[in-house]
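**Student:** Handing you a structure now.
The values are calculated or read from the model by the stated rules, or taken from the named source; none is laboratory data. Just so you know, these numbers come straight off a predicted model, no measurement behind them. Cβ coordinates were reconstructed from backbone atoms using ideal geometry, including for glycine residues, and neighbour counts include every protein chain displayed. Quick note on the areas: whole protein, heavy atoms, side chains included, nothing else; ligands and nucleic acids left out. Shrake-Rupley method; radii C 1.70, N 1.55, O 1.52, S 1.80 Å.
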Amino acid sequence: MTIQTFIEIIGYLGSFLVIVSMLMTSVVKLRIINTFGCVIFAAYALCIHSYPTAAMQICLIAINIVNLYKLLNVKKDYSAVKVSSSDSFLQHFLKSNSEDIKKYFPDFSAPASEEKTAYLVCGKEASSGVAGVLVCTKAQSGSIHVELDYTTPAYRDCSVGKFLYSYLSSEGITELRAKSSCPAHEKYLQKMGFSQNGDVFVKKI
């Protein structure tokens, strides 16, 4: 492999990462991947002596770093609303997000039983809307079985889950139990402190 070919590969790799970053639904992931792409593409631009392109990439790197800092350090405030499983707004939210929900909860169906309870998590700002929802059934005293723990793409930084678990603790709930058939959701549960016991994930709060 010649040096020129290697330099071209670096350029293609940088371009590829920038394109992939645009496909991310998470703003944090978008910024991180885009930063890596810009770093590689800046190196490519310097190798071929395209200094204006390198300068532009360096500016984009700085912009990404500043925005990442803001995203990761701004405290998000939420509120929770407990609703019945037949609540019309809950049903509307589940229907509107049904395709995305199926990716992570393929076995979930909109609850029809009044025995199930749902918690809607909303941003405190009026324009924030619903950030996530938890649908569950009571397993035993202080314990609930989680059937759905869904967060909309814009809020997938674990802040909704952390708030919700704290809120549930204040409601007298001490244990969450969940099952999962999706590797991405299992990874999330482990990240949030759930321990696996057979086919059940358990979290004490």
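**Student:** Within the stretch 72-80, does at least one residue satisfy the condition of being at pLDDT 90 or above and touching a Lys or Arg at 6+ places or on another chain (Cβ under 8 Å)?
**Tutor:** Checking the stretch 72-80: at least one residue is at pLDDT 90 or above and touching a Lys or Arg at 6+ places or on another chain (Cβ under 8 Å).
**Student:** Within the stretch 46-71, track down each residue that is more than 18 Å from F36 (Cα to Cα) and surrounded by 12 or more Cβ atoms within 10 Å (Cβ to Cβ).
**Tutor:** Hits for the stretch 46-71 are I48, S50.
Quick grid of which residues meet (1) within 22 Å of D157 (Cα to Cα); (2) open to solvent by 40 Å² or more (accessible area, probe 1.4 Å):
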position	(1), (2)
G37	yes, no
N73	yes, yes
F89	no, yes
N97	yes, no
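**Student:** Identify, from the list Y150, Y167, the residue that is open to solvent by less than 70 Å² (accessible area, probe 1.4 Å), under 15 Å from T117 (Cα atoms) and not in a helix (DSSP H, G or I).
**Tutor:** Going through Y150, Y167 in turn, just one is open to solvent by less than 70 Å² (accessible area, probe 1.4 Å), under 15 Å from T117 (Cα atoms) and not in a helix (DSSP H, G or I): Y150.
**Student:** Is it true that some residue in the stretch 181-203 is among the aromatic types (F, W, Y), under 17 Å from the mean Cα position of the chain (by Cα) and part of a loop (DSSP other than H, G, I, E, B)?
**Tutor:** yes
Here's the yes/no breakdown for (1) acidic (D, E); (2) under 22 Å from Q91 (Cβ atoms); (3) touching a residue at least 24 places away in the same chain (Cβ under 8 Å); (4) touching a His at 6+ places or on another chain (Cβ under 8 Å):
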{"position": "G129", "(1), (2), (3), (4)": "no, yes, no, no"}
{"position": "L134", "(1), (2), (3), (4)": "no, yes, yes, no"}
{"position": "V146", "(1), (2), (3), (4)": "no, yes, yes, no"}
{"position": "R156", "(1), (2), (3), (4)": "no, no, yes, no"}
{"position": "V160", "(1), (2), (3), (4)": "no, yes, yes, no"}
{"position": "S169", "(1), (2), (3), (4)": "no, no, yes, no"}
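**Student:** Something else about it: Scan the stretch 5-34 and report the pairs whose first residue is touching a residue at least 40 places away in the same chain (Cβ under 8 Å) and farther than 18 Å from D157 by Cβ and whose second residue is surrounded by fewer than 16 Cβ atoms within 10 Å (Cβ to Cβ) and of a type in the set (S, T, N, Q), with Cβ atoms within less than 8 Å and a gap of 6+ or a chain change.
**Tutor:** Going by the 8 Å Cβ cut-off, there are no qualifying pairs.
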